[in-house]
1. Mind checking the full-extension length gain between residue 2 and residue 95? Use 0.36 nm per residue of separation minus the Cα-Cα distance, one decimal, nm.
2. Between residue 42 and residue 12, what FRET efficiency comes out of the Förster formula 1/(1 + (r/R0)^6) with R0 = 25 Å and r the beta carbon distance, rounded to 0.05?
3. Cα-Cα pairs above 18 Å in region 1-48: how many percent?
4. What's the angle, to the nearest 10 degrees (0 to 90), between helix 69-78's Cα axis and the longest principal axis of the chain?
5. Given q = 0.10, 0.14, 0.24 Å⁻¹, what are the Debye log10 I(q)/I(0) values for the chain, with equal point scatterers placed on the Cα positions and solvent ignored?
6. So which GluC sites (Glu not before Pro) in region 20-99 are both in a DSSP loop and have at most 12 other Cβ atoms within 10 Å of their Cβ?
7. When the helices in the chain are scored as -39500 (n - 2.57) per DSSP H run of 4 or longer and the sum is shared across all residues, what 222 nm value do you end up with, to the nearest 500 deg cm²/dmol?
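What follows is calculated from the coordinates using simple rules that are stated; it is not laboratory data. Everything numeric in this text was worked out from a predicted model, so none of it was measured. Because the Cβ atoms are built from the backbone with ideal geometry, glycine has one as well, and the counts that use them run over all protein chains shown.
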Amino acid sequence: MSIAFCLTTGLRIGEFCALQWEDIDLKKCILTVRKTIQRIQKSNGKSKTSLIITEQKNESSKRDIPIPECLAALLEKFQGEPEEFVLSGKEKTIEPRTM
């Protein structure tokens, strides 16, 4: 599903990993991109980096994308709770590097 999703919507990997079901309106076939996930360097702590979800850097990156009918039908089969991430199906996202 993830390859079909990225090919048909043009989402960046960080945007796709940060996408939650609340960002998708299957009735209107629209997906709203407002956030992204990225790995940043930490200045202290046990690990050197951490994942953070942030809003898009530019206003032009915040956008609504139409969902093709073929993808909407596929998404309906996997639809989860609003707070769950589309890619993982859980309330925890997947690391963009493993995507």
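1. Values: separation 93, 0.36 × 93 = 33.48 nm, distance 1.36 nm.
The span from residue 2 to residue 95 would gain 32.1 nm if fully extended.
2. Efficiency, from the Cβ-Cβ distance: 0.65.
3. Roughly 41 percent, rounded to a whole number.
4. Value to nearest ten degrees: 60.
5. Reported log10 I(q)/I(0), two decimals: -0.28, -0.52, -1.38.
6. Passing sites in region 20-99 are 83, 91.
7. Result for the chain, helices only: -6500 deg cm²/dmol.
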